[in-house]
Amino acid sequence: MTDIDWGQVAQGWLDRLAACSESGPGVTRLPFTPEHRAALAVLTELMEQAGLTVSLDAAGTLIGRLAGPADAPVLLMGSHQDSVREGGAYDGIMGVVLPVLALAWLQRDGHALPFGVEVLAFADEEGVRFPTALMGPRVLAGQFDMAALDLRDRDGIRLRDAMQHFGLDPEALPGLRRDPADVLGWVELHLEQGPVLEQAGQALGVVTAICGIERHSVTLTGMAAHAGTMPMALRRDALAGAAELTLAVEAMARDTEGLLANIGALQVRPGAVNAVPGEVALTLELRAPDDALRAQAGDDLAQRAQAIAARRGLGLAMTRTYAQAATPCALALRAALGDALRACGHDAMDLPSGATHDTSAMAELCPVGMLLTRCQSGISHHPDEYVDTSAMSAAIDTACAFLRNLRPKPL
Ligand SMILES: [Zn+2]
């Protein structure tokens with residue numbers, strides 16, 4: 001029991017961190033900027049108050065370390081400090097504040113852990129400033145491509161130069177690679193960014209897997225024509241074909257448990273009020289926690305697209321442009337998080353994460369686990385993003401129970 005409302009304490013720190021933002025609606029905090037620097041100062045104050053030893057690594061990751069016994073492995077926790085443009089005050093940064101407060105609470109109670117804990121605040125997860133992301137966790141896992149240092153932001157500044165200007169040494173990145181033998185695992189706390197927990201009446205949920213993603217570029221080609229003179233029966237309307245495909249995609253995803261599908265961008269040519277559409281280029285994205293299910297859906301939809309095109313006399317070109325495998329969470333960490341939830345009087349609800357997280361990259365290093373908090377109306381990447389203090393209190397409570405019960409054996 002405690003006399004402190006830890007959710008309120010978290011909100012106080014998050015309010016201060018939200019002020020570390022470019023001006024304008026919501027929070028805009030991009031990596032290697034004055035706003036990033038300001039957030040690091042606040043996080044350093046928080047971590048030091050919690051009794052952690054603070055350092056900044058060459059990737060711009062702020063590390064708050066609670067030492068364990070000599071030679072004990074370390075549990076890594078945390079999330080990202082950066083936001084999207086005009087984003088919210090919780091995405092990423094809440095996952096840094098909550099575990100630090102959990103460690104503060106354990107230390108206040110005089111509870112020593114049989115392992116070390118490091119809370120990490122990664123510089124860049126969103127990939128908004130540079131056309132790359134997840135540098136912090138990729139460096140730790142030895143998966144970072146040094147060629148990305150030459151990528152430029154929209155002002156033409158190279159990542160390498162932005163880091164140097166921030167006081168970091170990009171050449172030191174390869175040396176940050178961790179030995180998996182020293183790492184117990186990685187646990188990230190994050191807001192759900194969707195409405196599932198709220199609708200289920202749950203404050204928290206345990207992630208089963210981070211969904212894999214595949215993207216396709218699809219072009220349907222018919223014949224552009226005068227909309228006043230071409231009879232309906234003779235048209236080869238590419239947009240009508242794209243509409244039929246869109247509905248087929250929606251129906252398949254609605255009928256397939258775990259599958260999410262989206263046609264998010266359409267280009268119609270010639271694109272005039274009096275022209276029958278001659279060509280439509282569209283993007284199709286599929287997500288699922290199960291790679292085999294997602295791959296099957298991709299194949300099935302390619303067949304559906306062919307059938308629609310053939311019946312309508314349209315040409316079809318469909319190419320897979322991107323694929324990223326799902327990241328299953330470690331069974332031992334899922335079980336430990338579920339046990340901690342039940343120990344704190346909550347249901348242990350399982351759910352997949354449709355969004356990608358730092359956890360996806362950390363899985364290249366060690367076993368991973370994730371705990372999601374409900375967020376109001378599922379709103380995220382928006383100034384109205386909100387996590388109530390009781391959900392944050394529950395997350396801190398659960399993190400404490402998880403840490404108290406975890407044993408430093410291989411997961
Ligand atoms: Zn995030």
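Summary table
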item: Inter-label distance, nm, simple model (7 Å from Cα along the C-beta direction), residue 147/residue 109; result: 5.0 nm
item: Cα pair count fraction exceeding 23 Å, expressed as % - region 212-324; result: 29 percent
item: Between helix 389-405 and the chain: long-axis angle, C-alpha atoms, 0 to 90°, nearest 10; result: 60 degrees
item: Cβ-based net charge around residue 200, under 9 Å, with every Lys or Arg adding one and every Asp or Glu removing one; result: -1
item: Rounded tilt (10° steps) of 6-18 against the dominant C-alpha axis of the chain; result: 60 degrees
item: Environment charge of residue 335, counting only residues whose C-beta is closer than 13 Å and scoring Lys/Arg +1, Asp/Glu -1; result: +1
item: Separation of the residue 322 and residue 243 label points, Cα + 7 Å toward Cβ, nm; result: 2.8 nm
item: Fraction of accessible area attributable to carbon and sulfur, region 1-157 (%, probe 1.4 Å); result: 50 percent
item: Degrees between helix 94-108 axis and first principal axis of the chain (Cα, 0 to 90, nearest 10); result: 20 degrees
item: Accessible surface of region 206-323, 1.4 Å probe, proportion on carbon and sulfur as whole %; result: 54 percent
item: Helical contribution to [θ] at 222 nm, DSSP H n ≥ 4, -39,500 (n - 2.57), averaged over the chain, rounded to 500; result: -10500 deg cm²/dmol
item: For the chain: accessible area per residue (Å², 1.4 Å); result: 42 Å²
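The values are calculated or read from the model by the stated rules, or taken from the named source; none is laboratory data. Computed from a prediction, not measured in an experiment: that's the story for all the values here. When we count neighbours, we look across all protein chains shown, and the Cβ atoms used for this are built from the backbone with ideal geometry, even at glycine. Only protein heavy atoms, including side chains, enter the accessible area calculation; ligands, DNA and RNA are left aside. Shrake-Rupley method; radii C 1.70, N 1.55, O 1.52, S 1.80 Å.
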